[in-house]
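Only one structure is covered here, and it is reproduced in the block below.
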Amino acid sequence: MDQEFLRTLKDKLNIVDVAGGYFTLEKKGANYWACCPFHHEKTASFSVNESGQFYHCFGCGASGDVIKLVSEMESLDFMDTVKLLAERVNLPMPQSDFDNRTTAEAKRKRDTLLKLLNDCAHFYLDNLNSGKADAHIQYILNRNIPSRVVRSFGLGASLNFTDLPKFLLSKGYTKQDMLDSGTVNEVDGRLVDAQGGRLIFPIINALDEVIAFGGRVLKKTDFAKYKNTKETIIFNKSKTLYNINLLKKLKRSQTIKEVIMVEGYMDAISLYSSGFKNVVASMGTSLTQDQARLIKRYTDTVLISYDGDTAGKKANMRGLEILKGEGLNVKVVPLPEGLDPDDVIKQRGEEGYRACLEAAMPLIDYKLSVLGEGVDFTKPEEKRKYVSDAIKIIKTADSSAEQEELLKKLRDKTGITYESLNRDLHSLPSQMEIKSERHEDRADNATASLKASRFVIVSYLFGADYTADTDIATVPFINPIHLILAKYVINKKLLGERIHLSEIFEFFEEKTPEYEELTRILDYSDGDKLSGDVAAKYFADSVVRLRTDYIDEEISALTAKTAALTDVEDRRECAARLSELFKQKEKLKNGVR
């Protein structure tokens, strides 16, 4: 990607405005702060630096520029993020915007598949309105789906297995394009509609792009009742939620206090038809971190409304933990045994389902409820196991008050004294919380020298006043990442240009040790850490330490070399150099630089 274009794009964007579109920022000092969208925390440690145009979380280390932020929040790759942002600021994409043919071909392929899928959606929609889709129309009428909702969700019809491949071939698509899109399969050398004969549910992402299709059979068959088209380069169901496009539109018109999550297309459509527009569906998959982060862009509270069968409750528990681990307030909607949300709407109407929502219980209460199902408390071994497991769950409560309340409920359920339960609770290890997999231990176990090097380099990057008297070119950095950043500062000074901190993220590839070290350096950038007498003294001491370490390295190398030399003159030269190094080290020790 043309670097000048990227620089122009970033200049037209303010990371504070962009970040403010995803979460609430509060200005404190020079920076803006929020609870990190990438890991669970109660105290804001996510900083957005307006002057440097970058973000950094002092809790988990997540860092980047405005492009990286939007890429993370929208679950887009780099090129799609650039395209999205360029369109937002009306900046034409450069004509030659790819570095190599491979990347250009990947973009061409993606664009082709998106166009193909969009054409498929229109094909299926035309089928529904063709007068030939009586069975599909009757199914829609039987499910009481209003015509406005049919249009909103773009429902369509596949009439047979052969028409779609013919249609796509007539549009100029290749056989490989059709197969790669997932809409067409090859069976015994023939191309067939992967959703042949089904009612079609377009799966649309947050950018309003059709990325896949779901389909439902209309009569009893040995085939699966519901199925999705296969995963492709643009469809990954673990990163997708059904109806996320309409939820995004809803957010533009109102604040979304909570999102209802259901399992399937019809559950989502049924709730939407009844006025519950804040609904998404996981399409029957186990919940993932990507889906949790997707929801968190719209709300902090998610109401899980899955089927009411006991097996399903236990199977979905890990997914609920993932949601909680990403900082979401998770509540579970109790449904009558054997019913799904669509059944409740049909049998009890909007008010009946609303009553279920009002009875939603916190995740920890739900876990205890599920744990107790099927337990025979007259059998000592079952009762003991239940109590042991229940105490482990209670240990994860957010407060002592909540633990006390839950222990009292456990006492009443089991007949065991509160005192005994409380003793068992406090005998468990203290760290029982479920953490986000994204959250990293940011404990800094670096050596004193590495910490000193980080502080010196970050002081130059941020232009701290006390760096003016020390030329960065005279500081002997050893760490290769620090050397790269030092060269960047030196080059900017030689060219008389201002340091753009957002540029430094372009030097290192994400998810590498180099990028991780960059985030460690930024941990030293928090406001007061780079100003005042204490910072100035630490900077001066750190420069001395780096120079001393550099001398010690040379002394160690020369000492080993001298021991191996046999020539007297060579040994004399090494001894002279060693003497000079010891004098330099003594001067540094006495404060002479």
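The values are calculated or read from the model by the stated rules, or taken from the named source; none is laboratory data. No experiment lies behind these values; they were computed from the predicted model shown. Don't worry about glycine lacking a Cβ; one is built from the backbone with ideal geometry, like all the others, and counts go over all protein chains shown. Ligands, DNA and RNA are excluded from the accessible area calculation, which covers all protein heavy atoms including side chains. Shrake-Rupley method; radii C 1.70, N 1.55, O 1.52, S 1.80 Å.
So, in segment 205-247, of the ones that are without any contact (Cβ under 8 Å) to a residue 40 or more places away in the chain and aliphatic (A, V, I, L, M), which residue ends up most open to solvent (accessible area, probe 1.4 Å)?
Per the stated criteria, the residue is 224.
Scan segment 535-546 and give yes if some residue there is surrounded by 14 or more Cβ atoms within 10 Å (Cβ to Cβ) and under 35 Å from the mean Cα position of the chain (by Cα), otherwise no.
Within segment 535-546 (the criterion being surrounded by 14 or more Cβ atoms within 10 Å (Cβ to Cβ) and under 35 Å from the mean Cα position of the chain (by Cα)), the answer is yes, since at least one residue qualifies.
Any idea which residue in segment 1-24 is surrounded by the most Cβ atoms within 10 Å (Cβ to Cβ), counting only those that are part of a loop (DSSP other than H, G, I, E, B) and over 18 Å from the mean Cα position of the chain (by Cα)?
Looking only at segment 1-24, we keep the residues that are part of a loop (DSSP other than H, G, I, E, B), and these are 1-2, 12-14, 21-24.
Narrowing the set further to residues that are over 18 Å from the mean Cα position of the chain (by Cα) leaves 1-2, 12-14.
Details: 1: 17, 2: 15, 12: 14, 13: 21, 14: 14.
Checked segment 1-24; the qualifying residue surrounded by the most Cβ atoms within 10 Å (Cβ to Cβ) is 13.
Regarding residue 254, is this residue more than 31 Å from the chain's Cα centre (by Cα) and open to solvent by 60 Å² or more (accessible area, probe 1.4 Å)?
Against the criterion (more than 31 Å from the chain's Cα centre (by Cα) and open to solvent by 60 Å² or more (accessible area, probe 1.4 Å)), residue 254 does not qualify.
If you take the residues of segment 95-149 that are at pLDDT 95 or above, aliphatic (A, V, I, L, M) and under 31 Å from the mean Cα position of the chain (by Cα), which of them is nearest to residue 170 (Cα to Cα)?
Selected residue: 116.
Restricting to segment 338-378, what's the tally of residues that are part of a helix (DSSP H, G or I) and of a type in the set (A, V, I, L, M, F, W, C)?
First, the residues of segment 338-378 that are part of a helix (DSSP H, G or I): 341-358, 363-372.
Retained after the next criterion (residues that are of a type in the set (A, V, I, L, M, F, W, C)): 344-345, 355-357, 363-364, 368, 370-371.
Total satisfying the criteria: 10.
Any residue in segment 388-408 that is open to solvent by 20 Å² or more (accessible area, probe 1.4 Å) sitting within a Cβ distance under 8 Å of a residue that is in a loop (DSSP other than H, G, I, E, B) and among the acidic types (Asp, Glu)? List the pairs, counting only those 6 or more apart or interchain.
396/433
Would you please list the contacts, defined by Cβ atoms under 7 Å and residues six or more apart or on different chains, that run from a residue in segment 187-204 that is closer than 9 Å to residue 215 by Cα and basic (Lys, Arg) to a residue that is open to solvent by 10 Å² or more (accessible area, probe 1.4 Å) and in a strand (DSSP E or B)?
198/216
So which of 502, 453, 459, 525 is open to solvent by less than 20 Å² (accessible area, probe 1.4 Å) and part of a loop (DSSP other than H, G, I, E, B)?
Numbers: 502 fails: part of a loop (DSSP other than H, G, I, E, B); 453 fails: part of a loop (DSSP other than H, G, I, E, B); 459 fails: part of a loop (DSSP other than H, G, I, E, B).
Sole residue among the options that is open to solvent by less than 20 Å² (accessible area, probe 1.4 Å) and part of a loop (DSSP other than H, G, I, E, B): 525.
Condition test on residue 358, is it in contact (Cβ under 8 Å) with a residue 60 or more places away in the chain and closer than 19 Å to residue 304 by Cα? Reasoning before the result, please.
On the way: in contact (Cβ under 8 Å) with a residue 60 or more places away in the chain: no; closer than 19 Å to residue 304 by Cα: yes.
So residue 358 does not fit the description; no.
For segment 316-359, how many residues meet the condition of being open to solvent by 20 Å² or more (accessible area, probe 1.4 Å), under 28 Å from the mean Cα position of the chain (by Cα), modelled with pLDDT of 90 or more and of a type in the set (A, V, I, L, M, F, W, C)?
Result for segment 316-359: 1.
Can residue 575 be described as open to solvent by 50 Å² or more (accessible area, probe 1.4 Å), farther than 23 Å from residue 478 by Cα, part of a helix (DSSP H, G or I) and in contact with a Ser or Thr (Cβ under 8 Å, 6 or more places away or on another chain)? Break it down into steps so the answer makes sense when it comes.
Values: open to solvent by 50 Å² or more (accessible area, probe 1.4 Å): yes; farther than 23 Å from residue 478 by Cα: yes; part of a helix (DSSP H, G or I): yes; in contact with a Ser or Thr (Cβ under 8 Å, 6 or more places away or on another chain): yes.
Criteria met by residue 575.
Under 7 Å between Cβ atoms, which residue pairs at least 6 apart in sequence (or on different chains) link something in segment 542-570 that is touching a residue at least 12 places away in the same chain (Cβ under 8 Å) with a partner that is crowded, with 16+ Cβ neighbours inside 10 Å and small (Gly, Ala, Ser)?
Qualifying pairs under 7 Å: 542/452; 545/449; 545/452; 546/452; 546/453; 549/449.
If you check 83, 68, which single one turns out to be in a helix (DSSP H, G or I) and closer than 17 Å to residue 521 by Cβ? Talk me through it step by step, then tell me what you get.
Values: 83 fails: closer than 17 Å to residue 521 by Cβ.
Just a single option satisfies the conditions, and that option is 68.
Quick grid of which residues meet (1) at pLDDT below 90; (2) over 22 Å from residue 256 (Cβ atoms):
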position	(1), (2)
22	yes, no
26	no, no
55	no, yes
61	yes, yes
76	yes, no
83	yes, yes
90	no, yes
93	yes, yes
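If I filter segment 25-45 for residues that are in a helix (DSSP H, G or I) and open to solvent by less than 50 Å² (accessible area, probe 1.4 Å), do I get at least one hit? Steps first, answer last, please.
Initially, segment 25-45 is screened for residues in a helix (DSSP H, G or I), giving none.
No, the conditions are met nowhere in segment 25-45.
Give the residue, chosen from 160, 127, that is in contact with an Asp or Glu (Cβ under 9 Å, 6 or more places away or on another chain), within 16 Å of residue 197 (Cβ to Cβ), polar (S, T, N, Q) and in a helix (DSSP H, G or I).
Numbers: 160 fails: in a helix (DSSP H, G or I).
From the options 160, 127, the qualifying one is 127.
Could you check how many residues of segment 218-246 are within 10 Å of residue 205 (Cβ to Cβ) and out of contact with any strand residue (DSSP E or B) (no Cβ under 9 Å at 6 or more places or on another chain)?
1
So, residue 114, is that one in a helix (DSSP H, G or I), surrounded by fewer than 19 Cβ atoms within 10 Å (Cβ to Cβ) and not charged (D, E, K, R) or not? Quick ask: steps written out before the conclusion?
On the way: in a helix (DSSP H, G or I): yes; surrounded by fewer than 19 Cβ atoms within 10 Å (Cβ to Cβ): yes; not charged (D, E, K, R): yes.
In short, yes.
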